[in-house]
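Okay, so here's the structure we're looking at.
Just so you know, all these numbers are worked out from the coordinates, no wet-lab data involved. Values in this document were obtained by computation on a predicted structure and should not be read as measured data. Cβ atoms come from the backbone with ideal geometry, glycine included; neighbour counts cover every protein chain shown.
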């Protein structure tokens, strides 16, 4: 195994035990011992050891590609019904920052049908180039043709970095591309930076529901691919004076073939606002007591132009559809403000929302775990407090 | 219909506690469970078998103790289980994991459908399912919330999207990743538990699969973790006390600049 303890240097101080996210280290006879069945070779212990007693040799792969041939940052411009998804603007903003550090250019890649107008928008938001592929068969996302087209474009133009929103489309698409290109892919990043010396993308993401963070790199494979969470990065101001190049690519008919086809697209989200895109989310839980009581949550959400969320308890009780569920088995969200109303804050809920910028908890139980993560809390009767809040915000916002 | 279900053993999050002093995970004594999303994949496989006949196989890549997860799947009603285990698999990222699993599936050979949970609760990447279908070059449908129709040649399924769902027709063999909405996983029966206890579980190593050592484990993984750290703790919050009118006013005041 590539990891070992240098017995002579180990003092049995147990710092590595605390650092190990996998509970793989024990002290036996005053020396650290690594359980190789549990060890994931993440290296967290190596940096924790003050005595340099842990050695992790990263095996060198035989895989060699000329990585210096790869230049530029690409952003996948996801569109639905010809509308560019908001996360794309955020990615372009971040890509610009990274490109400045790398002294390279930002390109967007847009697949769709009759979307040429949108290509200009991508330039206004920071792209130097837009690779545009239009075909009737690309109007809606399909895993196979989208994958094959992007693979060909990546092979042809060799971008060093490829960014994509961590949406349901994005995750399915880039996983497939990365496998076929033997590229490195990091899911659901919340931080991106550049190691200038090594010219590497530093990708930081939460794991274990945000309880630990990991920084990940792709040293020998290209492109360095990442899916990125919504609402983490800021878009640039739209500048209609910005200019750029639109490069139209024509796909061969053979790669437009798909073994899946969309028969129907059904929209059923009952609130106006998409949970993962929302700036503000008002969520209700068991404390609401009944389906009809969600009305007060919806009223507050309406005034704040917010999305409506729900805890698993509320969804399991049938008070809200599953598409509104926040938490481990539902959606992970990180809005600017998250209102948790009548939600006790079980760990499964917390992992889905604890990256929110501001958390507001309203609960009658002062001991509820939700208060431990809340920036602001009110202990009291939500049936009194929420309508009062709605009324007050209505006055202030004049809605 | 022959179905392969890919599962992962994960720590039970409900039991994961944070050490308040070091802000690190306390994993000591934490129970391992089947990834919650994989339970829906197992259940769906059993339901399809009950309806259409055929064979179900559950596979996992992991350390020897992942055998418990396979036995649990057998207890629920899966027919066969294979543990893909080898020390050289340690440190696999999603590329190497999907490579290894897809090679195990090639060795099994005969299948119509592969089912996976939408993602694992510890890594949350959602990359291994699509990765397997890419390695096998078969079609995929992610986030499946309902299988409306299925036969040996094709299926019609509902794929969950941010806005609702898409009705998708797909040719078989293919791979689905499934979401919670698809079913309610059953509890194992007493008979199932007895059978699972005695069942023989196949073990395949890297050698059994004839894998190129440059493509497995840490060595075969394009991505490398260079740092693991605990996120900055949330600042201690303010709890407002008093009459409704008063506390509402205080909260509105605190949030005003964020909202307007």
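For A:167, B:161, which order do you get if you count the other beta carbons within 10 Å of each Cβ and list the fewest first?
On the way: A:167 24, B:161 21.
In increasing order of surrounding Cβ atoms, one gets B:161, A:167.
For helix B:244-259, what angle does its Cα long axis make with the longest principal axis of chain B, in degrees from 0 to 90 and rounded to 10?
With both axes taken from Cα atoms, the answer is about 70 degrees.
Can you tell me the mean projection area, over all orientations, of the convex hull of the stretch B:86-152's alpha carbons? Units nm², please. Please list the in-between numbers first.
Values: hull surface 21.5 nm².
In nm², the orientation-averaged hull projection of the stretch B:86-152 is 5.4.
Cα axis of helix B:67-76 to longest principal axis of chain B: angle in degrees, 0 to 90, nearest 10?
So the inclination is approximately 80 degrees.
Order of A:315, A:326 from fewest to most other C-beta atoms within 10 Å?
A:315, A:326
May I ask you to derive the relative contact order of the stretch A:157-275, considering only C-alpha pairs under 8 Å and at least 6 residues apart, and to give it as an integer percent?
In percent, rounded to a whole number, it is 27.
So what does the Cα-only Debye profile of the protein assembly as shown read at q = 0.08, 0.09 Å⁻¹, as log10 I(q)/I(0), no solvent term?
-0.61, -0.78
May I ask for the angle, rounded to the nearest 10°, between helix B:36-52 and the longest principal axis of chain B, with both axes built from Cα atoms and the value confined to 0 to 90°?
Between helix and principal axis, roughly 40 degrees.
Assuming R0 = 25 Å, can you tell me the calculated FRET efficiency for the pair residue A:268 and residue A:290, based on Cβ-Cβ distance, to the nearest 0.05? Spell out each step's value before the answer.
Details: r = 22 Å, r/R0 = 0.89.
FRET efficiency, residue A:268 to residue A:290: 0.65.
With springs only between Cα atoms under 10 Å apart, run a GNM on chain A and tell me which of A:291, A:180, A:50 wobbles the most.
Checking each option, the largest mean-square fluctuation is seen for A:50.
Against the 2.2 N^0.38 Å scaling, with N counting residues, where does the stretch A:123-259 land? I'd like the Cα-based Rg ratio to two decimal places.
In units of the 2.2 N^0.38 Å rule of thumb, it is 1.13.
For the stretch B:3-223, what class follows from the C-alpha gyration tensor (a ≥ b ≥ c being the square roots of its eigenvalues): rounded when a/c is under 1.5, otherwise prolate if a/b is larger than b/c, else oblate? Intermediate results must be reported in sequence, preceding the final value.
Details: a/c = 1.29, a/b = 1.23, b/c = 1.05.
It is rounded, given that a/c, with a ≥ b ≥ c, falls under 1.5.
Would you mind giving the three semi-axes, in whole Å and largest first, of the ellipsoid equivalent to the stretch A:303-399 according to its Cα gyration tensor?
The equivalent ellipsoid of the stretch A:303-399 has semi-axes of 21, 16, 14 Å.
Rounded to the nearest 5, what is the percent of antiparallel bridges among the DSSP beta bridges in chain A?
Roughly 30 percent of the DSSP beta bridges within chain A come out antiparallel.
Per the Kirkwood formula on distinct C-alpha pairs, the Rh of the stretch A:39-105 is how many angstrom?
Taking every pair of different Cα atoms in the stretch A:39-105, averaging 1/r and inverting gives 16.3 Å.
When the C-alpha atoms of the stretch A:210-251 are aligned to their principal axes, what extent does each axis show, in angstrom, from largest down?
Its Cα atoms span 42, 30, 18 Å along the three principal axes.
Rounded to whole Å, give me the distance from the Cα center of the stretch B:100-153 to that of the stretch A:270-329.
The stretch B:100-153 and the stretch A:270-329 have Cα centres spaced 31 Å from each other.
Debye sum, Cα scatterers, the stretch A:3-56, no solvent: what log₁₀ I/I(0) at q = 0.15, 0.24 1/Å?
Debye curve over Cα of the stretch A:3-56, log10 I(q)/I(0) at q = 0.15, 0.24 Å⁻¹: -0.31, -0.84.
Can you give the calculated 222 nm mean residue ellipticity of chain B, where each DSSP H run of n ≥ 4 adds -39,500 (n - 2.57) and the sum is split over every residue, rounded to the nearest 500 deg cm²/dmol?
Value at 222 nm, helices only: -9500 deg cm²/dmol.
Cα centroid distance between the stretch B:232-255 and the stretch A:350-371, in Å?
With the stretch B:232-255 and the stretch A:350-371 each reduced to a Cα centre, they are spaced 12 Å.
In whole angstrom, how far apart do the alpha carbon centroids of the stretch A:195-265 and the stretch A:1-61 sit?
Taking the Cα centre of the stretch A:1-61 as reference, the centre of the stretch A:195-265 is 34 Å away.
Under a 10 Å cutoff between Cα atoms, tell me which one of B:76, B:160, B:39 has the largest fluctuation in the Gaussian network model of chain B.
Comparing B:76, B:160, B:39 in the GNM, the peak value goes to B:160.
Looking at chain A as a GNM with Cα springs under 10 Å, which of A:363, A:40, A:305 has the largest mean-square fluctuation?
Of the options given, A:40 has the highest mean-square fluctuation.
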